[in-house]
Structure formats: structure tokens, C-alpha cells
Amino acid sequence: MAQIAFQNVSYRRGGKEIVKNLSAEFAPGDFVSIVGPSGSGKSTFLRLCCHLISPTGGKILFHGKDMLRENPIEIRKKIRYCFQEPVLWGNTVEDNVAFPYRIRNRKADREKIVSLLSRFHMDESCLTHDVKSLSGGEKQRIALVRTLLFEPEVLLLDEATSALDADNAELVEKEIYRLNQKGVTVLWVTHNDAQSRKYANRLLTIENGQIQSREELK
């Protein structure tokens, strides 16, 4: 059984059809790169994957169940989405990394937080930093740490390294690949051709809201 299945899914907004009759299946442990021109519907596709928006046609299944009939908060605990433009809240980095624990009514695991920060080349001192003072690359890494404190079943990445320099981009790529090797399904939107083929086992090209090609890479 597919982990996520799109069955003739469409999404219309403001009279424009952004996703058109799209069908696709993703198995547990897949690493799928999603490519295509800007404005082709890739980000909308990711938002549909985690119930951030609802299809205006067709059906999306998660483990064989209609996603629209499931609790969206519980869905988003299992299917995590990292936006291209990271959204941080509160005042400090600590406010952000404590959030995943707060919504689960659990005490923040400082040791785990510090360990994950270190994997992204940040240390404990950054916890007190004002989020308004962070660079774009720092915000992107903090958003990733916040997303990964509780390991998801599915990780959705929308240009997750766009604000990073080459060294930090490679660091993130390796961490995502490590998670994939542990069984986390990864769907990664990228405009970087080399990145799209580096670790993925499948390449999906979306144009004009439709799948134009599917390529097996491994």
C-alpha cells in the first residue's frame, strides 16, 4: 500500500486551476525530487500532501485513508513541511525549538535540541538569539531543526537549502539523506539539477499543474 496516494487530484484557487487531475503514489522510504519551472504547482502539491490546503477535486490517501477525514493536526505531526521562506515565531530561537514539545504537552529535551543544533553547525548559545537578528540561512536551519526534533514519517522540503551557502547546503543534504536511510520518506522540491539527482531514487517533473515525466534514478 502506498504511503501517500493522489487520485486525480485538482486544486483551483481564484478561478485558476493550479493542480490538474494529478495522480501519483509514494512508498515508505522513497526519496523523490520534484522539479519543474516556477509557478508550475510544485509548492501547492506539497501543501496538498500535508493537508495544509484541501483538493477541489479528487482524493488524497494517507496509508489508504482519505486524508480529509483525518485530524489535520495529527496528519502534520506525521507529515512535516519545511517552507521555502522559513516562518519563525516568538522572540528567541528557544521559543521555536520548544514549540514541538509544547504542542505534544511534553517537556523540552534540551540535550536533544543541542545535539541537533550541533549537526547543523550551531551551538547552544544560539538558543537566546532574537529570531529577528538571524540571517536567512540561520532561519532556514532553525526551521529544519524545529521540524526534525520529532522524526516524521514523511518530510516535505520546499527549496530547503535556497538560503544556504554550499557548505551548509551539503550539510543539510547529508542530514536529510541520513533520515531517509532510516526510513523517512522525503519529497524535495528543488531547482538545483545536481541536488535533484544526488540522493533521490525518483525524479518527478511537474509543469502546468500536471506530471510531465517520472524518472527512476536508482
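Since every read-out is calculated from the coordinates, none of them should be taken as a lab result. Being a predicted model, the structure only gives us computed values, none of them experimental. Quick reminder, even Gly has a Cβ in these numbers, built from the backbone with ideal geometry, and neighbours come from all protein chains shown.
Determine the calculated [θ] at 222 nm for the chain from helices alone, applying -39500 (n - 2.57) to every DSSP H run no shorter than 4 residues and normalising by the residue count; nearest 500 deg cm²/dmol.
Numbers: 7 runs with 70 residues, N = 218.
Taking each H run of at least 4 residues, the total per residue is -9500 deg cm²/dmol.
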Mean projected area (nm²) from the convex hull of Cα positions in segment 133-218 is 6.5
Ordered by fewest other Cβ atoms within 10 Å, a rough proxy for footprinting exposure, CYS126, CYS50 read CYS126, CYS50
Given a Förster radius of 45 Å and the C-beta distance between ARG104 and ASP193 as r, what FRET efficiency does 1/(1 + (r/R0)^6) yield to the nearest 0.05?
0.75
Rounded to the nearest 0.05, FRET efficiency between GLU17 and VAL114 (Cβ-Cβ, R0 45 Å) equals 0.45
Given +1 on the Cβ of Lys and Arg, -1 on the Cβ of Asp and Glu, and no further charges, what dipole in debye does segment 61-165 carry about its Cα centre, rounded to the nearest 20?
460
What does the convex hull of the Cα atoms of segment 4-216 come to per residue, in Å³, rounded to a whole number?
124
Which order results if MET122, MET1, MET67 are arranged by neighbouring Cβ count within 10 Å, fewest first?
MET1, MET122, MET67
So for the pair ARG76, GLU170, with labels modelled 7 Å out along Cα→Cβ, what separation do we get in nm?
3.5
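I need the peptides 100-106, 84-90 ranked by packing, meaning the mean over residues of other C-beta atoms within 10 angstrom, with the highest value on top. Each step should come with its number before you reach the end.
Details: 100-106: 12.3, 84-90: 14.0.
Peptide ranking by packing, descending: 84-90, 100-106.
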